[in-house]
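To keep things clear, I will list the structure first and then write my remarks on it.
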Amino acid sequence: MGGADHDRTLVMSVINVTPDSFSDGGHWLDPVAAVQHGLELLQQGADILDVGGESTRPGAVRVDPVTEIERVVPVVRELSERGAVVSVDTMRAQVAEACIRVGAQLVNDVSGGLADAAMLPLIARHEVDYVAMHWRGHARTMQQQASYSNVVADVFAELSRRRDAALAAGVQLDRLILDPGLGFAKRAEHNWQLLAALPHLMELGPRILVGASRKAFLGELLNRREPATRDDASLAVTCHCAQRRVWAVRAHTAQPHADAVRVMARLAAGGQ
Ligand code: PMM
């Protein structure tokens with residue numbers, strides 16, 4: 001990882017090793033099944049595998065750190081040993097450190113360093129990339145904080161502060177990835193406004209990640225209750241992001257997104 005020198009948008013595919021994630025909860029709780037799923041995602045063209053052991057769905061109850069480590073470490077270790085670029089989706093420095101030790105190259109922190117004061121110093125001490133997502137509070141109460149005077153300006157300002165806090169803690173700018181956090185303390189219209197403002201949000205730093213896959217705002221638009229029925233809509237958002245040269249998209253499937261980002265890159269190159 002590191003740097004912003006890719007000629008196309010990357011695909012980060014999700015493996016939730018949880019019983020309760022909104023999109024795929026319970027499917028990959030068994031480490032053998034999770035690793036197998038990861039290998040399939042890689043074969044389908046995923047660039048990064050994002051392994052998470054704690055659901056962040058609105059209303060979710062927190063898992064204890066020992067359980068979180070027990071869920072993610074065997075999966076991160078095995079996939080890293082097999083050559084995958086693995087990211088760990090965690091808000092806890094303790095979990096991040098355990099995963100870095102077994103090969104994680106990226107830490108995906110949906111709290112942007114706000115949930116655990118030890119996170120930014122930990123990242124600064126290691127050679128890993130770090131996703132700082134826009135976040136206002138834990139899942140149990142976050143939707144009560146979905147209030148903005150101007151969502152684009154507010155998210156930009158709050159994410160700038162997380163970027164500056166990371167830099168002040170010693171994280172290198174070329175290790176940093178910023179994410180507007182679609183669905184986190186945001187109502188549907190907030191997510192649409194943020195997606196429409198991507199060119200502006202990309203001024204936050206060299207690398208931007210967007211996670212729209214299967215989220216409720218897509219379901220609301222299309223009247224699709226089941227998260228997996230939102231995959232075509234998720235792909236449309238990937239095309240939007242790739243056209244605007246977002247660094248990576250986070251998605252629950254691999255092949256459609258891997259294909260789409262390649263098509264979009266070829267189109268951007270004027271067909272060359
Ligand atoms: N969304 C979810 C979890 N982790 N991480 C980042 N960086 N960005 C996101 O938008 C994001 C995330 C929630 O989706 P899931 O429960 O299906 O994984």
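The values are calculated or read from the model by the stated rules, or taken from the named source; none is laboratory data. Bear in mind that the values here come from a model prediction, so they are computed numbers and not experimental data. Positions of Cβ are backbone-derived with ideal geometry, glycine not excepted, and every protein chain shown enters the neighbour counts. Surface accessibility is based on the protein's heavy atoms, side chains included, excluding ligands, DNA and RNA. Shrake-Rupley method; radii C 1.70, N 1.55, O 1.52, S 1.80 Å.
Things to note:
- HN-Hα J in Hz across the range 155-165 - Karplus 6.51, -1.76, 1.60, θ = phi - 60°, x for Gly and Pro: 5, 4, 5, 5, 6, 4, 5, 5, 4, 5, 5
- Shape class of the chain from the alpha-carbon gyration tensor: rounded, with the ratio a/c of largest to smallest axis under 1.5.
- Legend: Rg and Dmax of the range 1-145, from Cα coordinates, 14.4, 42 Å.
- Here the sum of -39500 (n - 2.57) over DSSP H runs of 4 or more residues, divided by the residues of the chain, equals -12500 deg cm²/dmol at 222 nm, to the nearest 500.
- Range in the chain, longest, excluding exposed trypsin sites (Lys or Arg not before Pro) [loop by DSSP; at most 14 other beta-carbon atoms within 10 Å]: 141-224
- Amide proton proximity set for Trp135, modelled H, under 5 Å, gap of 5+: none
- In this view, the solvent-accessible surface of Val171, computed with a 1.4 Å probe and all protein chains in place, comes to about 10 Å².
- Average Cα contact separation per residue, the chain, under 8 Å, 6 or more apart, as relative contact order %: 21
- Percent carbon-and-sulfur accessible area, the chain, ignoring ligands, DNA and RNA, probe 1.4 Å: 50
- Separation of the range 130-163 from the range 222-272 is 24 Å, based on Cα centroids.
- Taking the inverse of the mean 1/r over every pair of distinct Cα atoms in the range 182-272 gives a Kirkwood hydrodynamic radius of 13.6 Å.
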